[in-house]
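Structure record follows, encoded as structure tokens.
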Amino acid sequence: MATYKRAETTKANEPLKMVSGEIPVPPPGSVRVKLAFSGVCHSDVHIISDWFHLGEEKFRGWVMGHEISGYIDEVGTEVDLSAMGLQKGDPVMVYPWVACQNCDTCRMGYSNICPNLAGHSNDIGCSPVAPGGYQTHLVTKPQYLLKVPASMSMDVACMIPCSVGTSYSSLRKLTDAIEFQQKRGKARLLVVGSGGLGLWGIQLAKVMFGGEKIHVVAADVEQSKLDTAKKFGADETVLWDIAGDLESNVQKTTQNGKMHAAVDFACLGSSTNTALKCLEMNGAIVLVGLSQSELEVNTFEVVINQTTIKGNRVCTFDELKTVANLVAQHKLTYPALQYHPLEEVYEVICMLKERKINGRAIIKH
Ligand SMILES: [Zn+2]
Ligand SMILES: [Zn+2]
């Protein structure tokens, strides 16, 4: 007989508690998804430390996990799945960035930048109001589900709404600068950080901007990561010296020419400053990494060089649809997936925190 289990939060930075019980029944307007895989994300390292300042009482007893794939196994009343192109039994990924769904920004389809997110989150797996993927069954709204394309495996599918969607949305913001350069030749794109987001970014850049028309330079402070970046399509790699001066890192990066666009998945202040100095006139940079660092920007240079500086927060639901198709069509994938049972999720989060996960760790339900 099928059973239901979930890994509940207890206190900030303390182990999750396994709880079992009745399989939840979806209320009117909702569906139930039997989970296949849940990705463990670096954001979980922050969330478990009570990143959203929920306080001890609110922090207890909810379910984290925002990278989710599974199968629709029960449909509540008042749900017309066919209107959404779905049916019972379909393989789906869950769009977690749902926010308030009650403001103009959300209604326009930009729930990723909902103004009501400030200081807390309604996103799936990120707050008590929207339990996430560290459970065997998830009750949610069908509007947040996207059918997994036939050629995509369910373990890859769970990563699409977070890391892959974020990479895609970030690169999209560089389109003007890249296409401007491509009118006269090959564009040079700097990808800073060759971790999870970076490897997807390298592959997606080739697909989005035409493999032959884009030269991808991957920068990182670890040679092993650059070796992987090369395998995933980087045309050139550059090892940044973390203790070195900015000028010498810029020099190394631009020895074959300046960059027309850059995406900074690290955002350590120094990484953004270095990337900015590598940009050609009319260049663009997008900041993605979540850190609290200061940026030194010479306003004269930004004006004279006509530089664009943008930020990016995850992705919209429309962008998720597009990137899911791109990944399926081009059979993009990820190296070194490692699988763990739900019972080990807290240990996996700790391993991520200690940087002991090489590749991606995924809960297999
Ligand atoms: Zn994530
Ligand atoms: Zn909203």
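Values in this text are rule-based calculations from the coordinates and carry no lab data. Just so you know, these numbers come straight off a predicted model, no measurement behind them. Positions of Cβ are backbone-derived with ideal geometry, glycine not excepted, and every protein chain shown enters the neighbour counts.
Give me a comma-separated list of calculated 3J(HN,Hα) values for the range 209-217, in order, Karplus coefficients 6.51, -1.76, 1.60 applied at θ = phi - 60°, integers in Hz, x for any Gly or Pro.
Values per residue, Gly and Pro as x: 10, x, x, 7, 9, 9, 10, 9, 10 Hz.
Which whole-Hz couplings ³J(HN,Hα) result when phi for each residue of the range 106-112 is put into the Karplus expression 6.51 cos²θ - 1.76 cosθ + 1.60, θ = phi - 60°, listed in order with x for Gly and Pro?
Once θ is set to phi - 60°, the couplings for the range 106-112 become 5, 5, 6, x, 10, 5, 5 Hz.
For the chain, what does the relative contact order come out to in percent, with C-alpha contacts under 8 Å and a separation of six or more? Could you put the intermediate results ahead of the total?
Values: 794 pairs, mean separation 67.8, N = 365.
Relative contact order comes out at 19 percent.
Mean-square fluctuation check for the chain, GNM, Cα pairs under 10 Å: which of 312, 112, 325 is largest?
Among 312, 112, 325, the largest GNM mean-square fluctuation belongs to 325.
With the contact rule set at Cα under 8 Å and sequence spacing of 6 or more, what percent relative contact order holds for the range 1-157? Each step should come with its number before you reach the end.
Numbers: 337 pairs, mean separation 47.9, N = 157.
Contact order relative to length: 30 percent.
Can you give the relative contact order of the range 166-311 as a percent, counting alpha carbon pairs under 8 Å and 6+ residues apart? Kindly include the intermediate steps, with their values, before the conclusion.
Details: 281 pairs, mean separation 34.3, N = 146.
That works out to 23 percent.
Could you work out how far the C-alpha centroid of the range 89-146 sits from that of the range 210-274, in angstrom?
34 Å
Tell me which aspartates and glutamates have Cα within less than 18 Å of residue 252's Cα, excluding those fewer than 8 residues away on the same chain?
List returned: 220, 222, 227, 235, 236, 241, 264, 280.
Considering amide H positions built from the backbone, and no H for Pro or chain starts, which residues 5 or more places from residue 137, or on another chain, come under 5 Å of its amide H?
5, 35
For the chain, modelled as a GNM with alpha-carbon contacts under 10 angstrom, which of 69, 127, 20 fluctuates the most?
Looking only at 69, 127, 20, the biggest GNM fluctuation is shown by 20.
Could you tell me whether the range 166-311 comes out rounded, prolate or oblate from its Cα gyration tensor? Rule is a ≥ b ≥ c as square roots of the eigenvalues, rounded for a/c under 1.5, then prolate if a/b exceeds b/c, otherwise oblate.
Numbers: a/c = 1.34, a/b = 1.03, b/c = 1.30.
Taking the square roots of the gyration eigenvalues as a ≥ b ≥ c, the range 166-311 is rounded.
Using helices alone, what [θ] at 222 nm do you get for the chain, with -39,500 (n - 2.57) per DSSP H run of 4 or more residues, divided over all residues and rounded to the nearest 500?
Working: 13 runs with 103 residues, N = 365.
Helix contribution divided over all residues of the chain: -7500 deg cm²/dmol.
Apply the Karplus parameterisation 6.51 cos²θ - 1.76 cosθ + 1.60, with θ equal to phi minus 60°, to every residue of the range 235-252 and state each ³J(HN,Hα) to the nearest whole Hz, in sequence, with x for glycine and proline.
7, 8, 10, 9, 8, 7, 8, 4, 9, x, 7, 4, 4, 6, 5, 5, 4, 4
With just the Cα atoms of the range 145-218, tell me how far they stretch along each of the three principal axes, in Å, largest first.
Here the spans come out as 40, 24, 19 Å, largest first.
Distance between Cα centroids, the range 278-352 to the range 36-77: provide it in whole Å.
Each part reduced to its Cα centre gives a spacing of 21 Å.
Ranked from highest to lowest mean number of other Cβ atoms within 10 Å per residue, what is the order of the peptides 318-324, 169-175?
Details: 318-324: 19.3, 169-175: 20.9.
The peptides rank, most packed first, as 169-175, 318-324.
Rank 272, 299, 307 by mean-square fluctuation in a GNM of the chain with C-alpha springs under 10 angstrom and give only the top-ranked residue.
Answer for the Gaussian network model of the chain: 299.
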